[in-house]
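In what follows, a structure is listed as structure tokens, so that the remarks can point back to it.
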Amino acid sequence: MKKRHEDELDKVLHTMDAESHWNEDHRQQLKKNILNDVDKKQRSPFFKGKLNVSYLLSLGAVAVITWILFVPMLSDWWRDSDGLTSPIPTGEETETGFAPFITEEGLELILKQENVDEGEEQQFTLKIENSGPNSYEFNEVFLEKKIDWESNESENVEFSDRSIQLGELDFLDTGETTAISFSIPEEYEVGENYELMFHARMRDNEAPLDTLFFHFDLDSELITLTKSELVINNRSMSPLTYGGITFIILSLIGCFFIKSAKGRSVFMIALGLALFLGYVANQQMGDADEMIIEDMSTYPYQQPLRNVVHIEYLDNRHAIAFYEWGAGTLRSFENVTYKKGVFGWKANGGTGGQIVVDDKLGWSFSNLEHQNFSQYTDLISGVIMSPDIVEVRVTSINENVYTADIVEFNGGRFWFLVTDGDDVSFATKTGLNEDGEVVEEHHSRAN
């Protein structure tokens, strides 16, 4: 095809040679220009002799859109496959069956099973060497009952039955090497219903970032670690960033196909409104439980072994999320208040604390009035450690008596009361049994 075009062009140029006073160079240059124009018209509309800016922008837009769509999934996969409880290889297997486990804090753990005879209590020795700069307290070996948090049916498990202490060490100073010997009673099926664990916390510091939870898998002979880590933002991309990048990319694509300035302006305004309204609609109509739990994952730190046990909706725009974290004697029960705005559910504040094992009726107070939480002013709540308690009454300083709500979940029971004006910060909390007798009572701090 190209050869035929050149032959026809040569005939025309030879005719022009006879009628014009140009030289051979002029004729060759004109021939070259004409052939180039013909070649450009036969190419893809994206090509103009070379890859132009519009074509490169289109390729970049497609690449970025693909990245936006797939990066969140890859990020979730990465967190699931390399989470805080992933096994950390630390050395070759020893004669004990367990490889030494060394943390970045300088703690080295070696678990040794002393007997392997069936029908006998399993005897173990946990050797601990502290070569780091920190001292530790609450050093405890225990069995933790496994809870199916995904199940919607309560297993009727009390907090007091969740952990069985096997051995403990008061303090572990820096540079110290010690051992805890313990046995596992036959009635507890480790691996099936219970998990063997060890926890320690840096002395004089109650921050969850300084609490370590070790898991011992007796079948695979592995030690794993769960702890908190600082997280600036656990989301792979914030909605604002996601929407901004999407707007820029779609605007570039739209401007490539829309030639008029007016059309481009209308398109960009309509696109911005569509993205904004779509995001607001998603936040208003989405699953509230999922959005609240997702928001909790973006806290500055991730509390170890955290589970949301109940979300109480006071109305359409105010909710309280109750959750626990930790295990053994280092288990805490806390809450976070949430308000729903145009952009969805956002954390407003919270309170709680470590569960006291010997306290049959735990409690903590939160001043909702200081959080500007609508008409709600006070929140008082806590775990129920005694199975005998079936009712909780709260007597305010104004002598008003309330019956608190009791919530059962897979890992135990807790109670809470929200008031809309009555002060219960100095209230008396009373736990009663089926016969109305007092099992535990905390008197008003004002008395």
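Coordinate-derived values only; no laboratory data. None of these values were measured; they are calculated from a predicted model. FYI the Cβ positions are ideal-geometry reconstructions off the backbone, even for glycines, and counts take in every protein chain you see.
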Checklist line | Set LYS145/LYS227; LYS112/LYS145; LYS146/LYS429 screened for pairs whose C-alpha atoms are more than 24 Å apart | finding: LYS146/LYS429
Next item on the list: Would you mind computing, in nm to one decimal, how far apart the modelled labels at GLU121 and GLU408 are, each placed 7 Å from Cα along Cα→Cβ?
Entry: 3.3 nm
Notebook entry, point to check: Taking the Cα centre of the range 101-227 as the origin and placing charges on Cβ (Lys, Arg +1; Asp, Glu -1), which of LEU172, MET197, PRO185 is farthest toward the positive end of the dipole?
Noted result: LEU172
Note to self: Starting from 0.36 nm per residue, how many nanometres of slack lie between ILE248 and GLU294 once their C-alpha separation is accounted for?
What the structure shows: 13.9 nm
Margin query: Whole angstrom only: what separates the Cα centroid of the range 420-445 from the Cα centroid of the range 118-143?
Written below: 39 Å
Notebook entry, point to check: Using the Cα gyration tensor of the range 101-227, with a ≥ b ≥ c the square roots of its eigenvalues, what is the shape: rounded (a/c below 1.5), prolate (a/b larger than b/c) or oblate (neither)?
Noted result: oblate
Notebook entry, point to check: Rounded to the nearest 20 Debye, what is the dipole magnitude of the range 101-227 about its Cα centre when Lys and Arg each give +1 and Asp and Glu each give -1 at the C-beta?
Noted result: 520 debye
Check: Expressed as a rounded percentage, what relative contact order does the range 307-363 have, with Cα pairs under 8 Å and six or more residues apart?
Finding: 25 percent
